[in-house]
Amino acid sequence: MDKIENDCLIEADIVSLQLAMESGSLTSVACVRWYLNRIERLNPKLKAVLEINPDAIAVAEALDAERRERGVRGPLHGIPILLKDNIDTGDNMHTSAGSVALAEHFAPTDSAVAAQLRAAGTVFLGKANMTEWANFMSGTMWAGYSSRGGQTLNPYGPGELFVGGSSSGSGAAVAANLCTAAIGTETSGSIISPSSQNCLVGLKPTVGLVSRTGIIPITHSQDTAGPMTRTVRDAAILLGAMTAADPEDAAMNGNRRIAYTDYTSFLDPNGLQGARIGVPRHYYQGLDKARAVIIERAITLCRELGATVVDPVSLPCESAKWNWEVMHFEFKKGLNDYLAKAGPGASVRTLDELIAYNEANRDVALKYGQNTLIWSNGTSGTLSEPEYAESLRLNREVSRDQGIDHAIREYRLDALLFLGNEEGLDLSARAGYPAITVPGGYAETGIIAEGGYTTKGPQGITFVGAAYSEPILFRLAYAYEQASKHRFAPTDPVQV
């Protein structure tokens, strides 16, 4: 029972693993060991996993015993997942946001998300590598790099293809079958981007649906955690275990909040029949030929599956001049608040101290510098600046009233359709609205983009909706996934 031959768990989903455990042909312990062996073999090249949970096998043993003696807690009982390294776990794993400054930091308690997943019976395999400080450290840092974990590589083309950020390790690990699923976090593109680039399903929930308590922040106006999986069903199962209300997270206190504990009930293979999908052509203009073909093929498939495609739709915000002032101001306060409550081993307790630590250890800490940290540290850290209030107001007004809400209302849409994490996806981030990406195909050619990566490789098809429209997005994404079936596992990256 403790040995699994060959690669029989490649691409295994939550339902199939659960059925195998229920039948007695698989145990959680055997499953965990299989993933750990695969991590040992592939991770030295991919650098997707930052550290292994030393208690993973013991946790799996306890869950196997519980299954035998009392039954299962639910669909996640015994399922091995990875958590992004900015998500607190009150156990023997560190939480560092990829920074050597927090390399010895143990969180005092579970984050709200980790606590919910632990209660649901998941096994935390370890922490996934990430772009350090969620890519809010340096304007020149490559996606997937951290001083603690090195450079995460895309398993579909290690060293060549863009891995996506900042939940880079989560994306690469799920794609390479180093875990069943992973939890990432997003401020602007950090779940959608690596999911798209690694041929995955990624859901960025509405801000306020999933608690952020115990997650190292960038900006409370946009941050959220979400599932990264190989199937839409797995994403729906994971999200349902993450939506418990948390009074400590102010974003969860609004009366508009709509949460479910089971999103699988919204999965419908005919879910595009009668749906209205908007095509925001303005945001397709920068696509190279290969990626343009993929989005056009997706539009055609939506029509064939019974959707009414409104093409084009125009958004009043298309000419908006965006700035990054909300992140600029919110990061310092959020990080200082987090570090003030950090557990044992944190070498720094303020952003000031972090910058000083990095400078004192620049040979290991500052491969790409820290200009973004210094930029944010120039704020008061109190959110009292008038510029902050005005930027926050404009972000919400333009992205919502002149953006997504306008399009949904004026064209009577269920969702907007984008390719991967292209320019328009920043609208959903600033609005705090949900987005889901599913595998859309593989671009065989591409152009060299920023950072030296090529735009070729896996591409996601992304549906964006209004606040708390996750049920609609799951319905659309599932129908598209079932009809297109573009997900495929990468070639063994050790052999590439």
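In this entry, ALA292 passes the filter for residues that are more than 26 Å from GLY184 (Cα to Cα) and surrounded by fewer than 16 Cβ atoms within 10 Å (Cβ to Cβ).
The set of residues in region 67-87 being farther than 26 Å from ARG230 by Cβ and either open to solvent by 30 Å² or more (accessible area, probe 1.4 Å) or touching a Ser or Thr at 6+ places or on another chain (Cβ under 6 Å) (or both) consists of ARG68, GLU69, ARG70.
Would you check if there is a residue in region 209-223 being out of contact with any Gly (no Cβ under 6 Å at 6 or more places or on another chain) and farther than 22 Å from ALA97 by Cα? Within region 209-223, one or more residues are out of contact with any Gly (no Cβ under 6 Å at 6 or more places or on another chain) and farther than 22 Å from ALA97 by Cα. Each residue in region 366-407 was checked for being farther than 15 Å from VAL326 by Cβ, touching a residue at least 60 places away in the same chain (Cβ under 8 Å), open to solvent by less than 50 Å² (accessible area, probe 1.4 Å) and assigned to a helix (DSSP H, G or I), and 6 of them qualify. In this entry, GLU410 is excluded by the filter for residues that are of a type in the set (Asp, Glu) and either touching a helix residue (DSSP H, G or I) at 6+ places or on another chain (Cβ under 8 Å) or surrounded by 16 or more Cβ atoms within 10 Å (Cβ to Cβ) (or both). Residues that are in a loop (DSSP other than H, G, I, E, B), at pLDDT 95 or above and open to solvent by 50 Å² or more (accessible area, probe 1.4 Å) do not occur anywhere in region 457-472. Restricting attention to region 6-42, and to residues there that are free of Cβ contacts under 8 Å to residues at least 40 places away in the same chain and open to solvent by less than 60 Å² (accessible area, probe 1.4 Å), which single residue is farthest from GLU160 (Cα to Cα)? Restricting to residues being free of Cβ contacts under 8 Å to residues at least 40 places away in the same chain and open to solvent by less than 60 Å² (accessible area, probe 1.4 Å), the top hit is GLY24. If you go through region 423-450 and keep only what is part of a loop (DSSP other than H, G, I, E, B), closer than 15 Å to ILE192 by Cα and out of contact with any strand residue (DSSP E or B) (no Cβ under 8 Å at 6 or more places or on another chain), you end up with just GLU423. In the set (1) within 30 Å of ASP311 (Cβ to Cβ); (2) touching a residue at least 12 places away in the same chain (Cβ under 8 Å); (3) over 18 Å from the mean Cα position of the chain (by Cα); (4) open to solvent by 10 Å² or more (accessible area, probe 1.4 Å), VAL207 fails one condition alone, (3). Considered as a group, the residues in region 135-146 that are out of contact with any strand residue (DSSP E or B) (no Cβ under 7 Å at 6 or more places or on another chain) and not in a loop (DSSP other than H, G, I, E, B) include one that is least open to solvent (accessible area, probe 1.4 Å), and that residue is SER146. Any residue that is in contact (Cβ under 8 Å) with a residue 40 or more places away in the chain, among the basic types (Lys, Arg), within 30 Å of TYR388 (Cβ to Cβ) and exposed (fewer than 15 other Cβ atoms within 10 Å of the Cβ) - is there at least one of those in region 323-344? Yes, that holds for at least one residue.
Within region 302-315, restricting attention to residues that are outside any loop (DSSP other than H, G, I, E, B) and not charged (D, E, K, R), which residue is most open to solvent (accessible area, probe 1.4 Å)? Of everything passing the filter in region 302-315, THR308 is most open to solvent (accessible area, probe 1.4 Å). Which of the residues belonging to region 345-365 are open to solvent by 60 Å² or more (accessible area, probe 1.4 Å) and either part of a loop (DSSP other than H, G, I, E, B) or in contact (Cβ under 8 Å) with a residue 40 or more places away in the chain (or both)? SER347, ARG349, VAL364, listed by residue number. Residues of region 43-63 that are surrounded by fewer than 21 Cβ atoms within 10 Å (Cβ to Cβ) and either free of Cβ contacts under 8 Å to residues at least 12 places away in the same chain or of a type outside the set (Lys, Arg) (or both): PRO44, GLU51, ILE52, PRO54, ASP55, ILE57, ALA58, GLU61, ALA62.
Among the residues here, ASN377 qualifies as in contact with a helix residue (DSSP H, G or I) (Cβ under 7 Å, 6 or more places away or on another chain), closer than 28 Å to GLY98 by Cβ and modelled with pLDDT of 95 or more. The criterion of being hydroxyl-bearing (Ser, Thr, Tyr) and within 16 Å of LEU417 (Cα to Cα) holds for SER314. Of the residues in region 252-260, not one is open to solvent by less than 10 Å² (accessible area, probe 1.4 Å), farther than 15 Å from LEU203 by Cα and in contact (Cβ under 8 Å) with a residue 24 or more places away in the chain. Any residue in region 316-330 that is of a type in the set (Phe, Trp, Tyr), part of a loop (DSSP other than H, G, I, E, B) and modelled with pLDDT of 95 or more? No: region 316-330 contains no residue that is of a type in the set (Phe, Trp, Tyr), part of a loop (DSSP other than H, G, I, E, B) and modelled with pLDDT of 95 or more.
If you go through region 242-295 and keep only what is under 24 Å from the mean Cα position of the chain (by Cα) and among the basic types (Lys, Arg), you end up with ARG256, ARG257, ARG291.
Taken together, the criteria exclude LEU417 from residues that are over 25 Å from PHE162 (Cβ atoms) and of a type in the set (A, V, I, L, M, F, W, C).
The values are calculated or read from the model by the stated rules, or taken from the named source; none is laboratory data. These numbers come from a predicted model, not from an experiment. All Cβ positions, even for glycine, are placed from backbone atoms using ideal geometry, and neighbour counts span all protein chains on display. Surface accessibility is based on the protein's heavy atoms, side chains included, excluding ligands, DNA and RNA. Shrake-Rupley method; radii C 1.70, N 1.55, O 1.52, S 1.80 Å.
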